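Structure first, then comments.
Values quoted throughout were computed directly from the atomic coordinates according to the rules given, and no laboratory measurement underlies them. Keep in mind the model is a prediction, meaning the values are calculated, not measured. Every residue, glycine as well, gets a Cβ built from its backbone with ideal geometry; the counts of neighbours run over all protein chains shown.
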Amino acid sequence: MTKTVLVAGASGWLGRQIAEQLIARGARVRLMLRGGAGHLKAAELASLTANGAVIVDADVGVPESLPAAAAGVDAIVSALQGGPDVIVDGQARLAAIGRAAGAQRFVASDYSVRFDGVTEAEHLFLGWRTRARAAIAASGIAQINPLNGAFTEMLAQPFFGLVDWRKRAVTYWGDADQPYDFTTTADTAAYVAAAAVDEALPAGELEIAGDTQSPRALTALLGDVTGRSFDLVSLGNLAALDAEIARRQAASPHDPTPWAGLQYHRLMASGAGKLRAPQNARFGDITPMTVKQWLCTRKETG
């Protein structure tokens, strides 16, 4: 049976790829945009609309716009980003309206390492998602919570802090052999699209892992792929990481940019964020990209 899926956050980096994957699976896709076709990024979705996707004018901050967008959908996939007004209040509002309209499931905008019970003090953004889970659950809709570890593409970003490409070093806190989970954005989108149309998938956390590498193993991979040596550099133990987070928070209490990434590293370095039982095998038609394959692609593209 063909499914109708509403994608919230469809103009974003991940949301667009989820929509593409849903279309590839034969779903009828609605792209939720504030202002509809008048949205600044609407033209960038032309390839999706050319393949049958429909843009709907709706905004989680405007409750009266949501019933028409959700009418008749089988599932709602959220790739929304923003503050608690969007992540907590907006998602809860969309889930409740979707449930009233007959939607069977709501895929929440988690896309992270494990964050069981994490508070806003432990990680600001994931703390909002902890609150969102409870708020969405109150709507009564079946909730899917995708956990994919870190996006593999973050290895290329200086703010992520694991690979220092300029100095050719892998920097880490804690144990160099602690395994970290990574999944590319494209693979995350593929798994989420498959989950959205899988009627038999139980509600709850959806763990998917493209690959798992420790800082030490990543150092070896980088040397193998690039042909250049990378150093493995310890930045200290977990207590030192906590002290650095506290120092940055004190220096920038109202701007999380300098310290939110380190809070994420804390979950990875401590093992608290490690996925427990990835469910990749459920979706046998998806073969995720390994970290080594991604590094080879990055080398080829410069």
One would report the Cα pair-distance distribution of segment 215-274, bin width 5 Å, in %, as 4, 17, 19, 18, 16, 14, 8, 4, 0
Over the alpha-carbon set of segment 102-243, work out the extent along each principal axis and list the three values in angstrom, largest first.
56, 34, 22
Over all alpha-carbon pairs in segment 54-164, figure out the percentage whose distance exceeds 21 Å.
39
Direction-averaged shadow area of the convex hull around the Cα atoms of the chain, nm²?
15.8
GNM of the chain, Cα pairs under 10 angstrom: of LEU33, LEU201, LEU48, the biggest fluctuation goes to LEU201
Below 8 Å between Cα atoms, with a sequence gap of 6+, how large is the relative contact order for the chain in percent?
17
Check GLN104: other-chain or 5+ apart residues with amide H under 5 Å from its amide H, H built from backbone geometry?
ALA75
Any idea how far apart VAL54 and HIS254 come out in nm if each label point goes 7 Å out from Cα toward Cβ?
4.5
Everything considered on the Cα gyration tensor (a ≥ b ≥ c; rounded for a/c under 1.5, else prolate if a/b is larger than b/c, else oblate), segment 161-288 must be described as oblate
Quick check: Cα centre of segment 182-199 to Cα centre of segment 223-281, how many Å?
25
Counting Lys +1, Arg +1, Asp -1, Glu -1, what net charge surrounds LEU155 among other residues with beta carbon under 12 Å of its beta carbon?
-1
Would you compute, from DSSP H runs of 4+ residues alone, the mean residue ellipticity of the chain at 222 nm, taking -39500 (n - 2.57) per run and dividing by the full residue count, rounded to the nearest 500?
-10500 deg cm²/dmol
Once phi for every residue in segment 174-183 is put through the Karplus expression 6.51 cos²θ - 1.76 cosθ + 1.60 (θ = phi - 60°), the whole-Hz ³J(HN,Hα) values, with Gly and Pro written as x, are x, 9, 5, 9, 5, x, 10, 8, 9, 9
Rank ASN145, ASN280, ASN51 by mean-square fluctuation in a GNM of the chain with C-alpha springs under 10 angstrom and give only the top-ranked residue.
ASN51
Step through the residues of segment 220-229 one at a time and calculate ³J(HN,Hα) from phi using the Karplus curve (6.51 cos²θ - 1.76 cosθ + 1.60, θ = phi - 60°), rounding each to whole Hz and writing x for Gly and Pro.
5, 4, 4, x, 5, 6, 8, x, 10, 6
Whole-number Å³ per residue for the convex hull built on Cα positions in segment 37-99:
98
Sort largest first and round to whole Å: the equivalent ellipsoid semi-axes of segment 66-110, each the square root of five times a Cα gyration tensor eigenvalue.
18, 10, 8
Just how far, in whole angstrom, is segment 206-221 from segment 59-88 if you go by their alpha carbon centroids?
33
Note on segment 1-82: C-alpha Rg/Rh, Kirkwood Rh, two decimals, gives 0.92
Under 10 Å, Cβ to Cβ, from ALA75 - net charge with Lys/Arg +1 and Asp/Glu -1:
-1
May I ask you to compute the full-extension gain from ASP116 to LEU238, defined as 0.36 nm times their residue separation minus their alpha-carbon distance, rounded to one decimal in nm?
42.0 nm
Which values of log₁₀ I(q)/I(0), to two decimal places, follow from the Debye formula for segment 129-197 at q = 0.23, 0.26 Å⁻¹ with a uniform point scatterer at every Cα?
-1.05, -1.15
